[in-house]
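> Okay, handing you the structure first.
Nothing in this text is a laboratory measurement; each read-out follows from the coordinates by a stated rule. Just so you know, these numbers come straight off a predicted model, no measurement behind them. As a convention, Cβ positions derive from the backbone with ideal geometry for all residues, glycine included, and neighbour counts pool all protein chains shown.
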Amino acid sequence: MTNKIKSFQEFENRLKQAAIPQSSTAMYRIRITKEKKPFYTRLSVVMILCSLFITASIATAMELRSWSIFNKEGKEVLSAGYMDVQEAEMYEDIRKMYMRYKNEIEELTQTLPNGKFVTVLLVEAYEKYGLTSVYSSSKEHQIDQITQIPQMFREDLHLTDDLVGENSFVSGSIHYNLPERTIEEIERAHEEMYRTAKQDNAPYSIRVEGEETPDVNGVYLTYGKETDSVHITISEGTKMLLSSKVVNYQVIKDNGVEFLYDKESQRIDFVKEVGDKKYVIAINGWKLMNEEPTPEPLLAVARKMLN
Amino acid sequence: MQIMEENIEETREERMSYLINEYYQRIYVYCFHILRNQQDAEDAVQEVFIKAFQNNKLMTIDYYSAWLYKIAYHHCLNKVKRRSFFQLVTFDTRHHRNVAHTVSDDLELEEIMCKLKAKERALLLLRIIEDKDFAEIALILNITPATARKRFERVKEKVQALIERGGHND
């Protein structure tokens, strides 16, 4: 159906008639009645880790042109932009290939012992895109107490239970860095995985290996519940969180520090420097969803983290 | 004491089974329209019912429909938020492409839906597909009926503007 919609009435009618993919209720019913413990979104685990990996790998290659953040001394501390269309399509293509096997991969990731990580090579993706398409991930470490965050990281950012005022800390997750390897080591390992998969006529090859390092790569924290919730994402290093909404940002200066504020999603992004370390921080809060959004509540949290 | 606990557990499961029979597909459709992605919606609807199952209110709540929609609404918005934090491939491009391939053959409709925010889609769904009155929508969204009506009118105006522009493909 490609006819133009001419009125809201027609929009309503077509929305009512729109075909929705069916879901398999019976399968889920069995899972729900058997499941007694909370489980974490398997999809999110894969996608988050995949994104972190991809972010790290493209950070140096992409053209940075959209925005920058400067510190008090006027030095640029972060800049970011869009991927070009071709690059975005490549990652989307890779993502779609992985989605076909997401259940198996997620099951495996979920059963990983803490500290271990898994490398996944999809034959089809590897043949098309090579090294870029291979990713390593580990199970995110769930936390329910702020003190579970490594002390130095916690102190650098002044993370406390009451950071967000009356919305106390609820839960979070920590990602640790994977061990560094040379490009030659990586290439050799991937070639071996690829050969094994081809020999076995398997669509993918998975290798559980190594130990994560104790260095925190990123932290995701939730304060408060539901409409009052505030989410804080912190990544260390030069990694960037990219969004299609970059153009909507407005720059706010507060006490010499630059913040990027997105009114639509009630989010601010900024950088905290501690010695030679850089923390890229995003705070997102829908607390004011019933009121006119303002950056002030987010800035109040940011100031506590900066001081 | 052990026997009592088992009985309570059994009743919870029976009630959950009733809710799944009654609401599963509707909550799935609701999640689907907010998230615009079948796989995400399937994950979300599972998680919504697990949250409901684990919630203390399961055995005492009177108004299941609004309660489940409320859980689904917040759950899906949180998923969208989290996705916007972490996903590298832009949301608009990604879900637009998915929509074209897997959702519906009504590309005009899909293009308009893509232009709306998740919260706006959620509101449209409650009103148009679920045919809920503003009092119930208000209950789900935790706002007043007047605000619900006002918001719906705003979304309606936005949709109308998109239609008039004919530019859902800008």
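> Need one word for the stretch A:130-220: rounded, prolate or oblate. Basis is the Cα gyration tensor (sqrt eigenvalues a ≥ b ≥ c); a/c below 1.5 gives rounded, then a/b vs b/c decides.
Prolate is the answer for the stretch A:130-220, as a/c is 1.5 or above and a/b outweighs b/c.
> Quick one: which of A:K116/B:K79; B:K79/B:K115; B:K115/B:K156; A:K225/B:K119 span more than 24 angstrom between C-alpha atoms?
A:K116/B:K79
> For the peptides A:114-123, B:127-136, what is the packing order when you average, over each peptide's residues, the other Cβ atoms within 10 Å and list the highest mean first?
A:114-123, B:127-136
> Based on the Kirkwood radius over alpha-carbon pairs, what is the Stokes-Einstein translational diffusion coefficient of the stretch B:114-170 at 37 °C with 0.692 mPa s viscosity, in µm²/s?
Translational diffusion coefficient: 280 µm²/s.
> Shielding by partners for B:35-46, please: the mean number of other protein chain Cβ atoms within 10 Å of each residue's Cβ.
Average per residue, whole number: 4.
> Shifting gears a bit: Across peptide B:141-152, what mean number of C-beta atoms from other chains lies inside 10 Å of a residue's C-beta?
1
> Now, a different point. With 10 Å bins from zero, work out the P(r) of the stretch A:175-233 over every alpha carbon pair and list the percent per bin.
All Cα pairs, binned at 10 Å, distribute as 18, 28, 24, 18, 12, 0 percent.
> Using a 10 Å cut-off around each Cβ of peptide A:8-18, what is the average number of partner chain Cβ atoms that fall inside? Spell out each step's value before the answer.
Numbers: counts 7, 0, 3, 11, 6, 2, 6, 12, 3, 3, 10.
Mean partner-chain Cβ count within 10 Å for A:8-18: 6.
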